[in-house]
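The block underneath contains the structure these notes are about, expressed in structure tokens.
The values are calculated or read from the model by the stated rules, or taken from the named source; none is laboratory data. Fair warning: this is a prediction, and the values are worked out from it, not measured in the lab. Methodologically, a virtual Cβ is constructed for each residue, glycine included, from the backbone with ideal geometry; neighbour enumeration extends over all protein chains shown.
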Amino acid sequence: MISSQEFEKQAEIARLKDELAVNRSLFENAIGGIYRSTPDGHYLDVNPALARMYGYEKPEDLMNQVSDIRQQIYVNPEYRDIFKKEIQQFGVVRGLEYQVRRRDGSTIWISESARVVCDKRGAVRYYEGFIDDITARKEAEQKLHESQQKLLDTSRQIGMAEVATSVLHNMGNALNSINVSIAVATEKIGKSKVTNINKVAQLLLSHSADIGEYMSMDPKGRMLPDYLQQLAQHLMKEQADVLDEMETLKKCVEHVNEIVSMQQKYAKTSSLMETVRISDLIDDALRMTSNSLARDAIEVILDYQDKLPEITVAKHKILQILLNLIRNAQKACESVATHKRLVIKVRSTQNGKWIRLEVNDNGVGIPGTNLTRIFSHGFTTRKDGHGFGLHSGALTAKEMGGTLTAHSDGPGKGASFVLEIPCQHEDSKEKKKTLTLK
């Protein structure tokens, strides 16, 4: 004996199945999966396409063997709860993507759109839905994501190489200055007249018995006081010159220490999020490029808004972008005859939630046809360029939740690169829900 409640339930299911006998041809020959199911997880009807999609030979096999959609079909049963919450709230679900389990235990990705069907009193009778197999697209998206990640990793390595190149370049300049200072100091000491003091001492010793007569009567002795005074002045000047070179040498060594310390600082914190001032990062980038900018006689103008908010970022990523933009601006100004200029502007936007950093130069400019290509992987207009710098910068900016864009009025009119990033960057976290609602 079955209970009256169970009897009524079975009777309702039987009645619904009778109602669903309409349009069987369209239903059975559809390419995509079609179903009707009860809210508690029983299939009322499925078409052959859905049965095949789930690994069953006939629709009847699927309906007879699956008595609980939530537990038997969903890879993660919690997605069934999300599905029901959405359809109860809005009456429909569109493009819901999740994984399902086939008869043989393998899994596929599907996209589901469904609606709720109610009776005249508003009570839910069943769900009616359409299902597409999107496994191929999901696999392609995964491969694309993996390729993008590899490209991002490569770009990051290239960015770190840019930092290392700047470090080595500036250390080379500093070491060259050290060598020059050592050579000048060595030359001055080698040519010093300090040895003449010994000659004077030997001369005085040879006349120690008649020193008074020698100093007052002998022509050479009478010239000795003036000579000693001149020698003293000359030695004092030599000392001052050598001390100047030693001070230059000291500054060069300190500069090398700063470069090494800065590189170590960025190497140690390369993967850490830190709260810093954007002006400090710009100062670091300019210190790393100071020698080359000075050598090319490029004037650097800093234009900062007052009371800029601090930013929370992985510092080395911002440094990579800044170094690349500064070096690009420097290269762009090579053909400028006079007054080469680099302007760095920093503003806060969106009520202090974002930072807008703009690097302007008065160099060769960018043709309009190239403005859409300069961020492409491998694109470069320089013979010694590799086409990774701007591409890497754009990827890094996107990774931080921001953008890197460019503008130029054309050849010979300079260029402007704008980095916009949020002040508080949210770390990349694995989403709790894999499915997406469309």
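Selection of the range 286-311 for residues being in a strand (DSSP E or B) and either out of contact with any Pro (no Cβ under 9 Å at 6 or more places or on another chain) or closer than 22 Å to His407 by Cβ (or both) yields Ile298, Glu299, Val300, Ile301, Leu302, Asp303, Tyr304. Residues of the range 347-374 that are surrounded by 19 or more Cβ atoms within 10 Å (Cβ to Cβ) and either of a type in the set (Val, Ile, Thr) or out of contact with any Asp or Glu (no Cβ under 8 Å at 6 or more places or on another chain) (or both): Ile355, Val359, Asn360, Asp361, Asn362, Val364, Ile366, Ile374. For the range 34-152, which helices (runs of 4 or more DSSP H) that fit wholly inside it have 3 or more residues that are of a type in the set (D, E, K, R)? Counting at least 3 such residues, we get 78-90. Go through the range 95-131 residue by residue and tally those that are in contact with an Asp or Glu (Cβ under 7 Å, 6 or more places away or on another chain) and among the small types (Gly, Ala, Ser). Going through the range 95-131 one residue at a time, the tally reaches 3. Of everything in the range 104-116 that is among the charged types (D, E, K, R) and either closer than 19 Å to Ala136 by Cα or free of Cβ contacts under 8 Å to residues at least 12 places away in the same chain (or both), the residue that is surrounded by the most Cβ atoms within 10 Å (Cβ to Cβ) is Glu112. Within the range 119-138, the set of residues being surrounded by 12 or more Cβ atoms within 10 Å (Cβ to Cβ) and over 24 Å from Gln72 (Cβ atoms) comprises Arg137 only. Among residues of the range 333-346 being among the aliphatic types (A, V, I, L, M) and assigned to a loop (DSSP other than H, G, I, E, B), the one that is surrounded by the most Cβ atoms within 10 Å (Cβ to Cβ) is Val336.
So that you can scan it fast, the table gives a plain yes or no per residue for (1) farther than 15 Å from Ile131 by Cα; (2) surrounded by 13 or more Cβ atoms within 10 Å (Cβ to Cβ):
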{"position": "Glu57", "(1), (2)": "yes, no"}
{"position": "Glu60", "(1), (2)": "yes, no"}
{"position": "Asp68", "(1), (2)": "yes, yes"}
{"position": "Ile73", "(1), (2)": "no, yes"}
{"position": "Arg80", "(1), (2)": "no, yes"}
{"position": "Lys84", "(1), (2)": "yes, yes"}
{"position": "Gln89", "(1), (2)": "yes, no"}
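Counting only residues that are surrounded by fewer than 19 Cβ atoms within 10 Å (Cβ to Cβ), at pLDDT 65 or above and among the polar types (S, T, N, Q), the range 14-43 holds 2 of them.
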